[in-house]
Structure formats: C-alpha cells, structure tokens
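Take a look at the structure set out below.
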Amino acid sequence: MSLTFLIPSSTIRSSTRKNIKSVIGGQERLDVISRCLLNLARWNNRLGKEIRLFVYLSHNLEQKVLEIPISKKMNTLQSEIDSTHMSIEILANPQEYNADYIDISFKNLLDNLNKKSSIFYLTPNGLLINKQKEISKEDSTLCFILGSQHDLSDEQEEALFNLEYTPTSIGEKNYLASHVITIVCNHLYNLNEG
C-alpha cells in the first residue's frame, strides 16, 4: 500500500532563492509544507507504507508538481526549524532527496493519480473518514487531496469533479494541512492496529 498527500500551493516558487528568514516572512508559505513534511516524517516508520508528499506549484509561472518521497533520510527531523531547512534544500536540490519536479497540469496530475489510487478530497462536507470502506483495505493505494492556505481554485475543483473521487471529512472544523495529515495517519494507524 502507498499513501500520497497532494497539496496545491499558489505561492511557492521553485525558482526563488529561499533562506530561513524568507520563510519566517511567509510570502511563499513554505511553513505549510515544512509542517506537513515534519508530520509525515514522524509517521513514516509507524505506518509501514510508502508515503509521498506531492506539492503542486500552481503559480502561473510554475504549473508543476514536486514529488517528495518520505524516506529514512527524514528521520532526523526533530523540529519545525529542521523541517524548514530540509524543505528549502529539497526545493533547491530535489535529487538529493530522491524528489523530482515534473512539469504537468493539475488535471493531468489528477488523471495520473486516479489510474493508480483511490482519491479522497478532504472537505468538511464529505462522508466521515471512518465510514470510508476503501480506506480500510490493507492493499489500497490512497491519495488524499487537501488545501494549504487556500482551498482548491475553481479550475482545480473542476479537474477534480471530472474524476472518480470521494469527498471525505475528518469533522466539521477546519484544520491546518499538517493537522489533517496527522488525523488521517492516526486513523490509518488505528485501522492497522485494530
């Protein structure tokens, strides 16, 4: 089983130079990805699944995905500062982390993921995660789509609505993307333990 989290970002750019001070300023909202990376690294050994983080760079000068496999190299992450430094390194030198930039439209990315995965769009209006039977299958390949600092754009939602996907809820509240990852991973962990 593999597990993918897809997060679109309209602000992160692959071509801009970044340092820890620019992240604190927050213009590109790299902090969102940093927290997600940290949370996924913490779940990597516990879940025993291949985990990937896809960051779709939807800025009008980008339109590409950064595919980041969550690996043992990330087991050293202890804090958000560590994770922020690593996120900056991954964006600048993806090959060092077996990550890769792929030029692709959001629609084509979803089409590719849909061929291999069951797609779940996380939204407060969906069916509760514990009612989703596909998620409980041990051999399932799952892809969870979540927002970062913004919801999906109209164009991204249209691409999603043309696919077979399941609106899925983790509750009525809105959470940070990193918290959503923790809730989903905890749910999957409890399924395997039960």
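Only the coordinates and a few stated rules stand behind these numbers; no lab work does. This one's a predicted model, so the numbers in the text were calculated from it and none came from an experiment. Positions of Cβ are generated from backbone atoms using ideal geometry, with glycine treated the same way; all protein chains shown enter the neighbour counts.
The spread of Cα positions in the chain, taken along each principal axis and listed from longest to shortest, comes to 44, 36, 30 Å. In a reduced charge model with +1 at each Lys and Arg Cβ and -1 at each Asp and Glu Cβ, the chain shows a dipole moment near 480 debye about its Cα centre. Calculated mean residue ellipticity at 222 nm for the chain: -11500 deg cm²/dmol, from DSSP H runs with n ≥ 4 weighted as -39500 (n - 2.57), summed, divided by the residue count and rounded to 500.
Measuring between their Cα centroids, region 112-132 and region 141-194 lie 6 Å from each other. Considering only SER58, THR141, TYR165, and ranking their Cα positions along the charge dipole of the chain that arises from unit charges at the beta-carbon of Lys, Arg, Asp and Glu, the one farthest toward the positive end is THR141. Using the Cβ-Cβ distance between GLN63 and SER136 with R0 set to 41 Å, the FRET efficiency works out to roughly 0.70. Where both bridge residues fall in the chain, DSSP classifies roughly 30% of the beta bridges as antiparallel.
If exposed trypsin sites (Lys or Arg not before Pro) are those in a DSSP loop with at most 13 other Cβ within 10 Å, what is the longest stretch of the chain that has none? In short, 18-132. In this model, which of LYS49/LYS131; LYS73/LYS133; LYS131/LYS173; LYS18/LYS64; LYS116/LYS137; LYS18/LYS116 are farther than 25 Å apart at the alpha-carbon? Correct reply: LYS73/LYS133; LYS18/LYS116. If a paramagnetic tag sat 7 Å from the Cα of LEU163 along the Cα-Cβ line, which residues of region 83-106 would have the backbone N under 17 Å from that point? So the set is 102-106.
Spin-label pair LYS173-SER79: with each label point 7 Å from Cα along the Cα-Cβ axis, the two points sit 2.6 nm from one another. In this rough spin-label picture, where each label sits 7 Å from Cα along the Cβ direction, the LYS115-GLU50 distance is 1.5 nm. For the chain, the longest stretch holding no GluC sites (Glu not before Pro) located in a DSSP loop with at most 11 other Cβ atoms within 10 Å is which? Within the chain, the longest run free of exposed GluC sites (Glu not before Pro) spans 1-137. Candidates SER87, SER178, ASN130 compared by Cα position along the dipole of region 64-194: farthest toward the positive end lies ASN130, with charges placed on Cβ.
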